[in-house]
Amino acid sequence: MYKAYFIDLDGTMYRGKDRIPTAEAFIKRLQEAKIPFLFVTNNATKTPAQVAENLRVNYGTEVSADEVYTSGVAAVDYLKSHFNVNRVMVIGEEAIKNQVKAAGYTLVSEEPEVVLQSLDRNVTYKDLETATLAIRNGATYIVTNIDSNLPSEKGPIPGSGAITGFLKVATQVEPIIIGKPSSVIMESALDYLNAKFPDRHFTKEDIAMVGDNYQTDIQAGIQYGMDTLMVLTGFSTREDLEKVEEQPTHLVEDLSEWTI
Ligand SMILES: [Mg+2]
């Protein structure tokens, strides 16, 4: 039915350390049917290679790095296509810093033209002060994702969006948001897929966005105008759907119910 799939990771392919065999089987079915897919993830603390490695080692899923599209990669693609700048301050971890450097930008800790903010588990007040002053002085403020929390063994800990909350209060500036539910990552992922398959041309009508989180994955699809396939293996529940007006295109308990 769909010519390609965009697929979320946590809650969709696995749940923390727990495997979701129906999701693993879904990927195998796509591979056998030669239906292209991309893992579209808000997590910018890992590179596509690290994500692929994690899927292979811990979740029995053999995919290549070019089948993973992170909000960090999307942020760099967005920077390249929308701005002519050089000096970028990154509030983020190794993966995104390396991606920004590899794209030819100069990483700076003062007077940036762009502040690119993601999850940084070592962020300091000094970093936030520098970013605040730069944004107030006109630097462009871009965030990879606004996820408020991430799951941990201890409970939900602050995510990228919690740092965004801090900077929004301090600057009174609304950032450009790259990750789901923003359409930026969806459009960018579609461009990426089309560049990967130059002899084919996918449109958003050809693709379904698969995910467990109504507010991020499903909203990303709805806002971008792409069909959505929601699974109940992760964050959002059937009860959550009773409270929202726009429903996912398809709803399944898990991916064994889905015929490709
Ligand atoms: Mg998820």
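The values are calculated or read from the model by the stated rules, or taken from the named source; none is laboratory data. All values reported here derive from a predicted model rather than from experimental measurement. Positions of Cβ are backbone-derived with ideal geometry, glycine not excepted, and every protein chain shown enters the neighbour counts. Side chains included, ligands, DNA and RNA excluded: accessible areas come from the protein's heavy atoms. Shrake-Rupley method; radii C 1.70, N 1.55, O 1.52, S 1.80 Å.
Could you tell me whether segment 4-18 includes any residue that is within 13 Å of the ligand (Cβ to nearest atom) and assigned to a helix (DSSP H, G or I)? Checked segment 4-18: no residue is within 13 Å of the ligand (Cβ to nearest atom) and assigned to a helix (DSSP H, G or I).
If only residues of segment 40-98 that are closer than 24 Å to A131 by Cβ and of a type in the set (F, W, Y) are counted, the one that is surrounded by the most Cβ atoms within 10 Å (Cβ to Cβ) is Y78. The single condition from (1) surrounded by 21 or more Cβ atoms within 10 Å (Cβ to Cβ); (2) part of a helix (DSSP H, G or I) that K101 fails is (1). Filtering segment 43-59 to residues that are of a type outside the set (D, E, K, R) and either in contact with a strand residue (DSSP E or B) (Cβ under 7 Å, 6 or more places away or on another chain) or assigned to a helix (DSSP H, G or I) (or both) leaves N43, A44, P48, A49, Q50, V51, A52, N54, L55, V57, N58, Y59. When residues in segment 61-98 are screened for being touching a residue at least 12 places away in the same chain (Cβ under 8 Å) and either in a strand (DSSP E or B) or hydroxyl-bearing (S, T, Y) (or both), 12 of them pass. Considered as a group, the residues in segment 187-219 that are within 24 Å of I91 (Cβ to Cβ) and within 16 Å of the ligand (Cβ to nearest atom) include one that is surrounded by the most Cβ atoms within 10 Å (Cβ to Cβ), and that residue is A189.
Take I260 and decide whether it is β-branched (V, I, T) and either in a loop (DSSP other than H, G, I, E, B) or within 15 Å of the ligand (Cβ to nearest atom) (or both). Yes; evaluated as a whole, the condition is true for this residue. Only residues that are over 8 Å from G234 (Cβ atoms) and polar (S, T, N, Q) were counted across segment 8-22, and they come to 1. Residues that are open to solvent by 30 Å² or more (accessible area, probe 1.4 Å) and either polar (S, T, N, Q) or not assigned by TED's automatic domain parsing to the domain that holds M13 (or both) within segment 220-252 comprise Q223, T237, Q247, T249, listed in sequence order.
Within segment 19-42, can you find the residues that are more than 21 Å from V100 (Cα to Cα) and not in a helix (DSSP H, G or I)? Selection gives R19, I20, A33, K34, I35, P36, F37, L38. Just one residue in the set V169, V184, V173 is more than 16 Å from the ligand (Cβ to nearest atom) and open to solvent by 60 Å² or more (accessible area, probe 1.4 Å); that residue is V169.
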